[in-house]
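The values are calculated or read from the model by the stated rules, or taken from the named source; none is laboratory data. It should be emphasised that the depicted structure is a prediction, and the values quoted were computed from it without experimental measurement. Positions of Cβ are generated from backbone atoms using ideal geometry, with glycine treated the same way; all protein chains shown enter the neighbour counts.
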Amino acid sequence: MAVMALINEYLSLNAVAMSDHVRQATLTLDAAALDATAMGDGWTKNVYGLKSGQLQVEFNDDTALSQVDALLWPLFGTNTAFEVRLDAGAVSTTNPKYTGLVGIAQHNVGGQLNDVARKSLTFPTSGAVTRATS
């Protein structure tokens, strides 16, 4: 297995490629561990229930027409499609894509004096997330 430097991650929201403004994007997926332990088991037993996830993104903010702020604001309070790949190259067995819906449940504006304007946002997934290699 090759180790890779993450230097060209791909992210699209609402079918708009936004990678040129992304500093980091992390998709985290979880399955609820439900305790199924009974008397005499000796060890905890788990079965797995509902799955959930979140997409955490840090953008270099941009309020120009068709840029970060202008693209995200109309989506605030809605679900929209996302796609994440570790590399912006073609989807393949070594560069799978993860897709689904996320809720644009956060929006922020502003930051710290003498710093790059950024948006650090966490979007919860809504429904299934899929992984594809073609």
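What is the number of the single condition among (1) closer than 17 Å to A25 by Cα; (2) surrounded by fewer than 18 Cβ atoms within 10 Å (Cβ to Cβ); (3) touching a Leu at 6+ places or on another chain (Cβ under 8 Å) that V129 does not meet?
Of (1) closer than 17 Å to A25 by Cα; (2) surrounded by fewer than 18 Cβ atoms within 10 Å (Cβ to Cβ); (3) touching a Leu at 6+ places or on another chain (Cβ under 8 Å), only one is false for V129: (2).
Could you check region 72-100 and list, in sequence order, the residues that are loosely packed, with under 15 Cβ neighbours inside 10 Å and of a type in the set (G, A, S)? Explain how you work it out, then say what you get.
Taking region 72-100 and keeping what is loosely packed, with under 15 Cβ neighbours inside 10 Å, we get 73-74, 76-78, 81, 88-90, 92-94.
Correct list: G77, A81, A88, G89, A90, S92.
Return the pairs, sorted by first residue and then second, in which the second residue is among the hydrophobic types (A, V, I, L, M, F, W, C) and modelled with pLDDT of 95 or more, the first residue lies in region 11-38 and is over 21 Å from A81 (Cβ atoms) and in a strand (DSSP E or B), the beta carbons are less than 6 Å apart, and the residues are 6+ apart or on different chains.
Pairs that qualify, where the first residue is over 21 Å from A81 (Cβ atoms) and in a strand (DSSP E or B) and the partner is among the hydrophobic types (A, V, I, L, M, F, W, C) and modelled with pLDDT of 95 or more, are A32/L50; L34/V47.
Could you check D69 against (1) assigned to a loop (DSSP other than H, G, I, E, B); (2) surrounded by 12 or more Cβ atoms within 10 Å (Cβ to Cβ); (3) of a type in the set (D, E, K, R); (4) without any contact (Cβ under 8 Å) to a residue 60 or more places away in the chain and say which number it fails?
Condition (1) is where D69 drops out.
Taking into account only those residues within region 1-20 that are of a type outside the set (V, I, T) and modelled with pLDDT under 95, which is surrounded by the most Cβ atoms within 10 Å (Cβ to Cβ)? Steps first, please.
Our first condition is that a residue be of a type outside the set (V, I, T); within region 1-20, this holds for 1-2, 4-6, 8-15, 17-20.
Remaining after also requiring modelled with pLDDT under 95: 1-2, 4-6.
Working: M1: 4, A2: 4, M4: 11, A5: 5, L6: 9.
If we take residues in region 1-20 being of a type outside the set (V, I, T) and modelled with pLDDT under 95, then M4 is surrounded by the most Cβ atoms within 10 Å (Cβ to Cβ).
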